[in-house]
Amino acid sequence: MQGNSSFQATRWTLVQQIKESNAADAQEALNVLCSMYWRPLYAFARGYGRSMEDAEDVVQGFMAKGIEKALFSAADKEKGKMRTFLLTAFKRYLRDEHVKSTAQKRGDGKVDTTDIAAEEERWADSDAVDPTASFDKRWAIIVVESAREQLEKKYESEGKTELYEALADSLTGELEESYQSIADRLEISLSAVKVGVHRLRKRFGEMLRAEIVETIGEGEDPDQELRYLIGILSD
């Protein structure tokens, strides 16, 4: 399975490519979508009562529909969030399909779940109390991880990797190292460290919001979605 770096590409434009492009372009767009969205779906299936093997199978079968363009044929940015669309469609699939007769052999559905064991561990450690909460919490984690990855790449492109690594923990809590210690180690001023923390948090917020904008419906409030996802992670 590809890492979270592909999340920033999961835009509604990819859905349009799947529905309208030639086979090669549609397949490429589908692979990007599948590489990220199987994780929240897997968490939902496990919370829904599926075994580890059945959850993997049912996600494979669900995403295989995308290869036939059936999965995203009804997707429309004007109708709402990508998150809501996928979960609604997946619930319908779980209700209507018989996993044992319709699921493809694992690995044949264009969803490479080679890190399924790690995902299973994440699900087992989750404190979510119902399948939908499991889905939303995993989605929220992916959004945050993706924004952090994009932020790290941005600092790397600016030649500021060392600064990012020194200040990154400030995004989720307090730094273990004092500001003065960081300033001394990086040979910069104390004020530069303070400004650096402020800018890091500001840029992270901007990238987090940008990630959300790419998955909500036309006219929906990204700040409302951001508050919801933060709330899910805080529960």
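Only one residue in LEU163, LEU186, LEU190 is under 21 Å from GLN150 (Cβ atoms) and of a type in the set (A, V, I, L, M), so which one is that?
On the way: LEU186 fails: under 21 Å from GLN150 (Cβ atoms); LEU190 fails: under 21 Å from GLN150 (Cβ atoms).
Of LEU163, LEU186, LEU190, the one residue that is under 21 Å from GLN150 (Cβ atoms) and of a type in the set (A, V, I, L, M) is LEU163.
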>> From the list THR84, THR102, exactly one residue is modelled with pLDDT of 55 or more, surrounded by fewer than 19 Cβ atoms within 10 Å (Cβ to Cβ) and of a type in the set (S, T, N, Q). Which is it?
In response: THR84
> In this structure, does VAL193 turn out to be surrounded by 15 or more Cβ atoms within 10 Å (Cβ to Cβ), at pLDDT 90 or above, in contact with a Ser or Thr (Cβ under 7 Å, 6 or more places away or on another chain) and of a type in the set (Val, Ile, Thr)?
Replying inline: no
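Could you check the stretch 44-63 and list, in sequence order, the residues that are open to solvent by less than 10 Å² (accessible area, probe 1.4 Å) and touching a residue at least 24 places away in the same chain (Cβ under 8 Å)?
Narrowing the stretch 44-63 to residues open to solvent by less than 10 Å² (accessible area, probe 1.4 Å): 44-45, 55, 58-63.
Answer for the stretch 44-63, where residues must be open to solvent by less than 10 Å² (accessible area, probe 1.4 Å) and touching a residue at least 24 places away in the same chain (Cβ under 8 Å): PHE44, ALA45, VAL58, VAL59, GLN60, GLY61, PHE62, MET63.
Looking at GLU149, GLU119, can you tell me which residue is modelled with pLDDT under 95, charged (D, E, K, R) and open to solvent by less than 30 Å² (accessible area, probe 1.4 Å)? Spell out how you get there, then give the answer.
Details: GLU149 fails: open to solvent by less than 30 Å² (accessible area, probe 1.4 Å).
Matching residue, one of GLU149, GLU119: GLU119.
Please enumerate the residues belonging to the stretch 152-174 that are touching a Ser or Thr at 6+ places or on another chain (Cβ under 9 Å) and either open to solvent by 50 Å² or more (accessible area, probe 1.4 Å) or at pLDDT below 95 (or both). Spell out how you get there, then give the answer.
At the first step, the residues of the stretch 152-174 found to be touching a Ser or Thr at 6+ places or on another chain (Cβ under 9 Å) are 152-153, 155.
If the condition is that a residue be touching a Ser or Thr at 6+ places or on another chain (Cβ under 9 Å) and either open to solvent by 50 Å² or more (accessible area, probe 1.4 Å) or at pLDDT below 95 (or both), then GLU152, LYS153 are the ones that fit.
The values are calculated or read from the model by the stated rules, or taken from the named source; none is laboratory data. Just so you know, these numbers come straight off a predicted model, no measurement behind them. Note that each Cβ is placed from the backbone with ideal geometry, even for glycine, and that neighbours are counted across all protein chains shown. Protein only, heavy atoms only, side chains kept; ligands, DNA and RNA dropped before computing areas. Shrake-Rupley method; radii C 1.70, N 1.55, O 1.52, S 1.80 Å.
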